[in-house]
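The values are calculated or read from the model by the stated rules, or taken from the named source; none is laboratory data. None of these values were measured; they are calculated from a predicted model. Positions of Cβ are backbone-derived with ideal geometry, glycine not excepted, and every protein chain shown enters the neighbour counts. Accessible surface areas use protein heavy atoms only, side chains included; no ligands, DNA or RNA. Shrake-Rupley method; radii C 1.70, N 1.55, O 1.52, S 1.80 Å.
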Amino acid sequence: MNKKFLAIVTFAFLNAEENPFSVFDLDFWNYNAGIVMNFGDSYDDFTYMENRMDLNFFKNNFSAWLQYEYSDPPELGFPIKDLRKYRIEYSSGPWTLKFGDVYEVWGRGLVLAQLDDQSIDFDNSSRGYLINYQADNISVTQLSGKTINAQLGSDLRYPEFEFTHNIDATNINFDAYPFSYGVSFLQSNELHQLKPLGVMDTVDINHRLHGAYLSWYGSNMDIFAEYVDKQSKTRTYQTNFSGQEIVTLSPLKKGSAFYFNSNFYSGNWSLFFEYKKYSFDRLSPVDTDYIINNYGNRIDYQVMPILYREQNHSFLGRAAHQTNANDERGFQVELSGGLPNGFQIVSQYSHLSRNDTWTSVSPIKWDRKEVSGLLPTENFSALPYKEFYTELNGYIFDNKLQFRTAFGTNKEVPKVNRYFEGYSNSISEVWQYTDSLWYGDDWFYLDSQLVSIDTINNQIETILYQSSKSFTIPIDFTYAMNNGYSLGFGFAYQERYKNNIKRGNAGGFYNYADSAWVLNDINNPDSFINETTSNYPDQIPFQINRMISISVGKASKWALTLNYDWTNVQEIVTVDPRYNPLEALVYGDIKYFTGERNRKVSPSFTKNKWVALEFSYNISSTQRISFLYGSIQGGLVCSNGICRILQPFNDGLKLSYSAIF
Amino acid sequence: MKKIKIISIVILTSFIVLLGQENPSLGKIPDIDLKLLNGKKTTLYKLLKTGPVLLDFWATWCKPCKQLMKHLNQYHNEFNSEGFQVLMINQDTPRSLGKVKAYVNSKGYDFLVGIDPNQQISKKLNGQIMPNLILINQDATVRWRHQGYMPGEELEIKDQIQSLLSSKK
């Protein structure tokens, strides 16, 4: 902390023009500041308090950024009561020097994209330095630093693992409009934790990435392409007889990734196309979920395009695909254009899958076969994902009513536990004993001969996988009145299916002696079963989600929003701990207010429903405060392609305050 | 309970400091290197040579940002003859950056669009809450700031632009 302070002061003194002590006078600086405060306390003890203050100082060629955080506990992540981030920047002529927390993005992130996303507790900045030389059409950047990435384990809020990276990276970029191209190199030495925090069990890995990208801008189209090659090695330390430490690097994994994006324009119509093939670690369908033991693959600096739609409706976000950046290929197409009267239509289609189809030759052994060509496959064993979304939005009634109506559907195979289609041979042999002798009380066979071999050749199918699909219809209207008031109404309907499917003439038993899957009925190989069971509790066939949102607001002053979210079945059942007055008001339950209702026990009609009321008030154009009371459903929350399970928030109060100075 | 007290004290202090300061002196904005959506590069100070700039932060997944953009494009065209420009700084990460140009083109927007995929410009200008408007005088001083958007606020934005432009005359 003292070193940081000294560094800041030294830079400040160097920048002071006359009186060096004037740097302590705020008038000396151009500065801005921002405060964000979030507080939440729910009846079932989901309590958090997050406060962050950002300070930026500028003077001549010098700038500094400080972020102080007081969060104990935060909504997600470790508690912190310290200077969370800082950076000092100095520019002179073609040179720029940064010291502190560095965020860089090169190309489309196949080699390096450093981001800070508090909503999912993701921050892959490196603390160190950056030197940039930029002159005419060339820019050379070198950075070096350390990053500690926290990873969640079984707990939904507190990380249990840490991966530490020490990186050195270089980028050379050439701009020759309409072309731009660059090459990047990144080396990271990772200390990868294998056991939860507190247990010293780590592996030392060296990652080396080489990448290149190219972009071209035309009047009616543009193109971007990027390629990266990656190899990882484990580092081990040994001591020789002389007591010297010898470092050995052993090959661990090799991979590559390719990304292509093109846009075509005609008038105000755009056709967007992108393609990817990411291949860093091609693991069988049952091995891919657990990242702790699957190391040496994509590293956290690689934040790459996802190729499905970034949704801004919570229902569509909950049904979103969880991308596999280690092993996925596919494409996305989106057509968007302007219609008469200022309407806009957007239609999008995406198809992704793994790079291989997989066959479970035994319960523990999988064989893979690369999908031919460049396109994704629909074969279940390659975990395919398909998405279609279309939206119409615009303004009507003299631009008073803004509307958006959409239809989104997707279909996915998220898990495959068994997938075998093929022939299985079981051999039956008959032996005759030709020489024997009587010894003691029994015969001992000295020689024998094979009389016959009977080979039974069966066509076997044994498949066990999970399939999910959903369709969602969100509709939003906002009506702005002349007196500054506005009314908003939103409705969303969603159906989600999640089924476990078991199919085939073999039921999952495996004969290791014959190396064959065992038929359901040995005497009848044509006895096929096809079972589909719901993954929801009580075999409820599908989930129906509905959400209503009503809001009223006064421009530049305040807004009041009521959210009502309900479902017929929860995938992970949670219990509403308390019957709160807002729920009683929304359900019109007079008994609650007359004292005839037991407030501590939620009545059955509140089950699977969440009601929240939010009031936000603009204190000034740069200050805003909001209060939320009620309950929010937990579940999957996706932000920029990264998803996490959010803990439910029941019968509580949330308070947020933000200000810019 | 202790936490509630701490928060209340901080908020109240901020109230006292800022209440009544509807338009406090927001200082001078630093020069910023901009990479535009069409691949060209420029700086904020170069844009300011033409006239005042209204800077706004947005992303393709931000619903209120998109609601506001229609009005900002209208103001960009309406006051462009007076040297005024709207500069939209996009915050999409590399995960969805490819779609930005297609979206802007399909809407037929004319304002300038800069890209900030690592949120460095927004961090420098405290624009993490979106939309986040900064109205900048030609001398790089910040005239007005606003965060968030509610329907109807576009009228206040227009008033601020007009007020700034009329003060130049």
Problem - Cβ neighbours within 10 Å from other chains - mean over A:99-107 - result: 3
Handout entry: Dipole magnitude of the stretch B:29-168 about its Cα centre (Cβ charges: Lys, Arg +1; Asp, Glu -1), debye to nearest 20
Key = 500 debye
Exercise for the section: May I ask which of B:Lys35/B:Lys123; A:Lys400/A:Lys609; B:Lys40/B:Lys99; B:Lys41/B:Lys124 have a Cα-Cα span longer than 23 Å here? Expected result: A:Lys400/A:Lys609
Fill in the blank from the handout: Residues of the stretch B:81-116 that bury at least 50 Å² of accessible area, probe 1.4 Å, when all protein chains are present rather than the chain alone, are B:Pro94, B:Arg95, B:Gly98, B:Lys99, B:Lys101, B:Ala102, B:Asn105, B:Ser106, B:Lys107
Completion exercise
With no solvent term and unit scatterers on the alpha-carbon positions of the stretch A:423-546, Debye gives log₁₀ I(q)/I(0) at q = 0.10, 0.17 Å⁻¹ of -0.64, -0.98
Completion exercise
In whole angstrom, the spacing between the Cα centers of the stretch A:572-597 and the stretch A:114-154 equals 48 Å
Practice task
Whenever you get a sec, compute what percent of the accessible area on the protein assembly as shown sits on carbon and sulfur atoms (1.4 Å probe).
Solution key: 55 percent
Handout entry: the stretch A:211-266, Cα convex hull volume normalised per residue, Å³
Key = 61 Å³
Problem - Ellipticity estimate at 222 nm from DSSP helix runs (n ≥ 4, -39,500 (n - 2.57)) divided over chain A, nearest 500 - result: -1000 deg cm²/dmol
Practice task
Report, to the nearest 10°, how far helix A:2-15 tilts away from the longest principal axis of the Cα atoms in chain A, using its own Cα long axis and a range of 0 to 90°.
Solution key: 50 degrees
Problem - the stretch A:302-366: equivalent-ellipsoid semi-axes (sqrt of 5 x gyration tensor eigenvalues, Cα, Å) - result: 34, 13, 11
Problem - Farthest toward positive dipole pole in the stretch A:360-490 [+1 Lys/Arg, -1 Asp/Glu at C-beta], among A:Thr377, A:Trp443, A:Phe477 - result: A:Phe477
Practice task
Using only Cα atoms, figure out Rg for chain A and give it as a multiple of 2.2 N^0.38 Å.
Solution key: 1.18
Fill in the blank from the handout: Computed for B with A: buried accessible area summed over both chains, 1.4 Å probe, rounded to 100 Å², at 6400 Å²
Practice task
Give me the distance in nm between label points sitting 7 Å out from Cα along the Cα-to-Cβ direction at A:Tyr445 and A:His210, one decimal.
Solution key: 6.1 nm
Completion exercise
Dimensionless Rg/Rh of the stretch A:130-253, both radii on Cα and Rh by Kirkwood, sits at 1.12
Handout entry: Selection from A:Phe397, A:Asn137, A:Ala612, by position along the positive dipole direction of the protein assembly as shown (Cβ)
Key = A:Phe397
Practice task
With only Lys, Arg, Asp and Glu charged, each at its Cβ (+1 for the first two, -1 for the last two), find how big the charge dipole of chain A is about the Cα centre; round to the nearest 20 debye.
Solution key: 1680 debye
Handout entry: Efficiency of FRET from Cβ geometry, A:Asn511 and A:Thr434, R₀ 25 Å, rounded to 0.05
Key = 0.25
Problem - Stokes-Einstein D in µm²/s, Kirkwood radius over Cα pairs - the stretch A:256-344 at 25 °C with 0.890 mPa s viscosity - result: 158 µm²/s
Problem - 1.4 Å probe accessible area per residue over the protein assembly as shown, in Å² - result: 45 Å²
Practice task
For the stretch A:375-467, build the charge dipole from Cβ charges (+1 Lys, Arg; -1 Asp, Glu) around the Cα centre, then report which of A:Tyr419, A:Phe388, A:Tyr433 sits farthest towards its positive end.
Solution key: A:Phe388
Practice task
Provide the FRET efficiency to the nearest 0.05 for the A:Phe615-A:Met221 pair, computing r from the beta carbons and using R0 = 56 Å.
Solution key: 0.75
Exercise for the section: Provide the convex hull volume over Cα atoms per residue for the stretch B:53-137, in Å³. Expected result: 80 Å³
